[in-house]
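*Asks:* Following this message is one structure expressed as structure tokens.
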2 protein chains.
Amino acid sequence: LGKKKLWVIKIGGNIIDDPEALENFLQDFSAVPGKKILIHGGGKLATDLSRKLNLEPKLVDGRRITDAETLKIVTMVYAGYINKNIVAKLQAHGCNATGICGADGNAMLAHKRQHPTIDFGFVGDVDTVNLTSQVDQNQTLIIAPITHDGNGNLLNTNADTIASAVATSLSSTYEVGLVFCFEKRGLLADMDNEESVISHIKKQDIELLIQKQVITGGMIPKVHNMAHALEQGVEKVILCHAKDLLSVLNGNTIFGTTFTGNEN
Amino acid sequence: LGKKKLWVIKIGGNIIDDPEALENFLQDFSAVPGKKILIHGGGKLATDLSRKLNLEPKLVDGRRITDAETLKIVTMVYAGYINKNIVAKLQAHGCNATGICGADGNAMLAHKRQHPTIDFGFVGDVDTVNLTSQVDQNQTLIIAPITHDGNGNLLNTNADTIASAVATSLSSTYEVGLVFCFEKRGLLADMDNEESVISHIKKQDIELLIQKQVITGGMIPKVHNMAHALEQGVEKVILCHAKDLLSVLNGNTIFGTTFTGNEN
């Protein structure tokens, strides 16, 4: 198609919580050739800091609420501590990184989540992503999962959703590959067998795999995020272990699970 | 000279600690025409958070030390909470702001402070500022006083020093005006009389004013920072109350103290 390749890579909290795994991942990420974007989650640091400050997690109907104090903590931890430490470490590896949240350059506009009975507080659902001019620069963007509403308020936003929205928004300009790195080797046919990685899933088969309970629990919203990205123009979506990133990007299909649209 | 005008504006901690004063300042800052950069200090938030976490300030020979835990806190508060809230508020005022620290885009490289007897911990003295390409973009940079050493470590750096270093580094490309906004109306001839603002000081008179104890205490390093900027090519340096920013930038010399090189 003549579009430039762009990798949008999301790194999960379990890797961020493990200093050695994070260091290895960042070294590999630095070595990814061409245009790339990193989206990071939060890990346990925000919860640890809340506990030290004696803030009880606020739950309504079993769901976590982002009150003003919690928003302050996730802004400090995600957009401050985690984001800037990742950037400093990437600079040490020769990767010219710039860390942003959704307020910076008006990159991600969101609105407070609307729900008929629950007030989730300062939780944002993404409306628009404006990253094209920033991606065109000769810098690698590192995105913290904080957005803004355009009226001066920051909002706490799910990092998987941001990864999917960023990949989707850039797919008209770039040939986008979206990679979710986490602590497992891919989607497992048998949860108890780490060797049972399903190497390729077509979008049309996702609902069947949910029915058959191969895809369960927290993987269901993650996989729906992936399906959405495929529908919106992202070329392929890969789920893999953080340590397999470079093998996966080199096209080695032994590693990770690749999701493609129905025609592929 | 045909150089474009650039305002480098520093806002002090006392304004950041006062929500109404900060809001008024950010509204005025948004209205400053042309290229501008904002450098912010930290205020009391980092100290408050340290206290809540029961961290005792570490002092050696009466001087504050940035240990690993303190670095974590200032990174969270300065580069996270304060920086991103300022950016979100400026976006609401129609100013397309992007917040960075010195690690982002390798903007400010520093080294750990060397001292014959005191280990200041993670305190950085700035070596190089590389902001030209970021300033050329159509965004307004908001700079948190955190730098990095190029080896993966973040460093806590004085915001006045950063303002002076940023202004100096950009003076070969831009006609730079450097403005320090704080909670007083300028340099006062009589400390007890807010009306006694000295409107104009030439660089050659600074040492005389220190000898005569018109410039005292914490103002001495601040004024030395200003003198350094004037020596290094900055056109003029202004010290003023945050609420007088727009009047001062419009050239109204009733407000603030303007420092110029000897020839002016």
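The values are calculated or read from the model by the stated rules, or taken from the named source; none is laboratory data. Predicted model, so just to flag it, every value in this text is computed and none were measured. Neighbour counts run over all protein chains shown; Cβ positions are idealised from the backbone, glycine included. Just so you know, the surface numbers come from the protein's heavy atoms only, side chains and all, with ligands and any DNA or RNA stripped out. Shrake-Rupley method; radii C 1.70, N 1.55, O 1.52, S 1.80 Å.
*Asks:* Scanning for something touching a Cys at 6+ places or on another chain (Cβ under 8 Å) and under 21 Å from B:ILE82 (Cβ atoms), does region A:154-161 turn up at least one residue?
*Replies:* To start, the set of residues in region A:154-161 that are touching a Cys at 6+ places or on another chain (Cβ under 8 Å) comprises A:154.
When the remaining residues are screened for being under 21 Å from B:ILE82 (Cβ atoms), the result is A:154.
Yes.
*Asks:* Give just the number: which of (1) touching a helix residue (DSSP H, G or I) at 6+ places or on another chain (Cβ under 9 Å); (2) modelled with pLDDT under 95 does B:THR75 not satisfy?
*Replies:* (2)
*Asks:* Still on this structure, I have one more. Would you check if A:LEU188 is within 19 Å of A:ILE15 (Cβ to Cβ), touching a Ser or Thr at 6+ places or on another chain (Cβ under 6 Å) and at pLDDT 95 or above?
*Replies:* Working: within 19 Å of A:ILE15 (Cβ to Cβ): yes; touching a Ser or Thr at 6+ places or on another chain (Cβ under 6 Å): yes; at pLDDT 95 or above: no.
It is false that A:LEU188 is within 19 Å of A:ILE15 (Cβ to Cβ), touching a Ser or Thr at 6+ places or on another chain (Cβ under 6 Å) and at pLDDT 95 or above.
*Asks:* Where in region A:75-168 are there strands (runs of 3 or more DSSP E), lying wholly inside it, with at least 3 residues that are closer than 20 Å to A:VAL32 by Cα and at the interface with chain B (Cβ under 9 Å from one of its Cβ atoms)? Reasoning before the result, please.
*Replies:* Values: elements: A:97-100, A:108-112, A:124-129, A:140-143, A:146-148, A:154-156.
Here the list reads A:97-100.
*Asks:* Filter region A:58-91 for residues that are over 22 Å from B:ASN83 (Cα atoms) and touching a Lys or Arg at 6+ places or on another chain (Cβ under 9 Å); which is surrounded by the most Cβ atoms within 10 Å (Cβ to Cβ)?
*Replies:* In the first step, residues of region A:58-91 are kept if they are over 22 Å from B:ASN83 (Cα atoms); the result is A:58-65.
Next, from what is left, pick out any that are touching a Lys or Arg at 6+ places or on another chain (Cβ under 9 Å): A:58, A:64-65.
Working: A:LYS58: 14, A:ARG64: 14, A:ILE65: 17.
Among them, the one singled out is A:ILE65.
*Asks:* Now for a separate question. In the list A:LEU239, A:LEU246, which residue meets the criterion of being in contact with an Asp or Glu (Cβ under 8 Å, 6 or more places away or on another chain) and closer than 27 Å to A:ASP18 by Cα?
*Replies:* Values: A:LEU239 fails: in contact with an Asp or Glu (Cβ under 8 Å, 6 or more places away or on another chain).
Within the list A:LEU239, A:LEU246, the selection yields A:LEU246.
*Asks:* From the residues in region A:38-57 that are open to solvent by 20 Å² or more (accessible area, probe 1.4 Å) and touching a Lys or Arg at 6+ places or on another chain (Cβ under 7 Å), which one is nearest to the other protein chains (Cβ to nearest Cβ)?
*Replies:* Top of the filtered list is A:LEU53.
*Asks:* Here's a follow-up. List the pairs whose first member sits in region B:50-66 and is of a type in the set (A, V, I, L, M), whose second member is outside any loop (DSSP other than H, G, I, E, B) and open to solvent by 100 Å² or more (accessible area, probe 1.4 Å), and whose Cβ atoms are under 6 Å apart, counting only residues at least 6 apart or on separate chains?
*Replies:* Within 6 Å, the pairs are B:LEU53/A:LYS52.
*Asks:* Counting residues that are over 16 Å from A:TRP7 (Cα atoms), which helices (runs of 4 or more DSSP H) fully inside region A:177-264 reach at least 3? I'd like the intermediate steps shown before the answer.
*Replies:* Numbers: elements: A:206-211, A:219-231, A:245-249.
Result: A:206-211, A:219-231.
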